[in-house]
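Input: a single structure, listed below in structure tokens.
What follows is calculated from the coordinates using simple rules that are stated; it is not laboratory data. Keep in mind that what you see is a predicted model, and the values were worked out from it rather than measured. Here the Cβ is made from the backbone with ideal geometry for all residues, glycine too, and neighbour counts use every protein chain on show.
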Amino acid sequence: MTIFNTSIFATYILLPISPGNLEMILLSLLLLALAIILFLGRKYYILQHNSKRQTDSILNNIQDGVYRCDLDGNLIWVSPSALKILGVDSLEKVEHANVNDFYVDSTQREELLRRLREDGKAENYETLLERMDGRQIFVNCNASYWRDDNGKILGIEGVFRDITEQKRTKEALVESEEKYRSLVEGAAEAIFSVNYDGVFLFMNKIAARRLDGIPENFIGKTMWDLFPKHIADSQIVSIRNVFDSGIGCSSETVTILKGKKHKYITNLQPIKGNSGKISSVLGVAQDITSFVKAQQDLEIERDFVKSLIETASSLIVCLDKYATITMFNKAIEKLTGYSRDEVLGKSWADIFLPEDHCHHKINNFEDWIRKHPIDSLEGQIKTKSGELRTILWSNSTFFHPDSDDFTVIVVGQDITDRKIAEQERIESETRFNESLEYSRDILYRLNLKTNTYDYM
């Protein structure tokens, strides 16, 4: 809508100036000025109204809380988002509230005021507030003085943001990183990470110590800087296979450290970056050199003991807690006529005890062994041919530390011939004594007939 017609005023302006029309021209100019003022005023009102609507829209939709208070801390105005952060459901509930009511620690409010006095503003100030519902939250606040047109300080205005979840997430991340660091540094294995080019990106203290240094000495160096070329060439193949396939692997590797050969079990796993692509390979290397050496020594010792058992003239048998045969040497094979394959895994009582002889110790073998882990006894066994042989047994028991099982090592001596010889000796002595008594009886009777008493 047009407020005034400029052509009319132009007509008056073009008229010759005379006492009669001068008044008309001045009146027209006055009306023109008034029309311009009204036009600009309306435009300013529209702009101001739109600006207020935009400001209100921004304040209603931003996540940050905005507030204004006087110098005593009495709240004058708060934004809807500030009410939400503080757990207030209506503006009326904070009309007479004081910002000090929301501080958990009053000294934090005093620190904010100190910064304002010294710097005129406080930026990125973290503090702990208590909501209306009693829940405590961390906020990040930016505040400054609120002044009038003459620069007089009227109060404080500021913007604050709820950073509780952000802070908790950060604390959880720090805690997680600390646990990870403690785990990595406390591990007994060497842990490291390398990129596709074989450059070390990370190394824990154990790994660095085995290289006779600290992690800072080796991070940024390549595998070829630290190991002989043929070893580095071999290791980089496994690392790049993990990069290319995205699949971890585990293998035995050999490394030269301080001039000595060490054997490792190395586990390699791909590590993905923020882009989802593999950025590095994490390696965990367990030094098994001592274990391999101990295993080799154990095998040598085991072979030596096995050789002794096989060449021993004594009968050697091993039984488990159920009296099942687990070892059977050549000497007892020769005596009984049974081969090792025929008896292993079978019951000792079922094979070797005579049919008419059920030894009471076999009936409850496990209990008897636990009460007599080391003992000796004499008993008969039945050979494959049915012959009975008398054996003097000595047993020693090894109890397994990680279970209730045990192994009984039984060593025996065949005393059958000795028992027969002993029995024959006893029978011979018996016959001799009987003959002697008989002879004495005859002599006694002869003496009676001759009236001669002989005290033989």
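Which FRET efficiency, nearest 0.05, do S428 and E342 yield, Cβ-Cβ r, R0 30 Å?
0.15
Between K258 and K121, 0.36 nm times their residue separation minus their Cα-Cα distance comes to what?
Computed gain between K258 and K121 is 43.3 nm.
If you bin every alpha carbon distance in segment 63-168 into 10 Å steps from zero, what whole percent lands in each bin?
15, 52, 29, 4, 0
Which of rounded, prolate or oblate describes segment 188-292 when judged by the alpha-carbon gyration tensor and an a/c cut-off of 1.5? Don't skip to the answer; put the middle values down first.
Working: a/c = 1.66, a/b = 1.39, b/c = 1.19.
It is prolate, given that a/c is not under 1.5 and a/b is the larger ratio.
Separation between the D197 and L34 pseudo-spin-labels, each 7 Å from Cα along Cα→Cβ, expressed in nm?
Going by the 7 Å Cα→Cβ label model, 8.3 nm.
Fewest to most neighbouring Cβ within 10 Å: what's the order for K293, K84?
Going from sparsest to densest Cβ surroundings: K293, K84.
Which of T326, T390, T430 comes first, and how do the rest follow, when ranked by fewest Cβ neighbours within 10 Å?
The most exposed by this proxy come first: T430, T326, T390.
Charges only on Cβ, +1 for Lys and Arg, -1 for Asp and Glu: so what's the dipole of segment 188-292 about the Cα centre, in debye to the nearest 20?
The calculated dipole for segment 188-292 is roughly 140 debye.
Based only on other Cβ atoms within 10 Å, what is the fewest-to-most ordering of V343, V237, V66, V292?
So the residues, fewest neighbours to most, are V237, V292, V66, V343.
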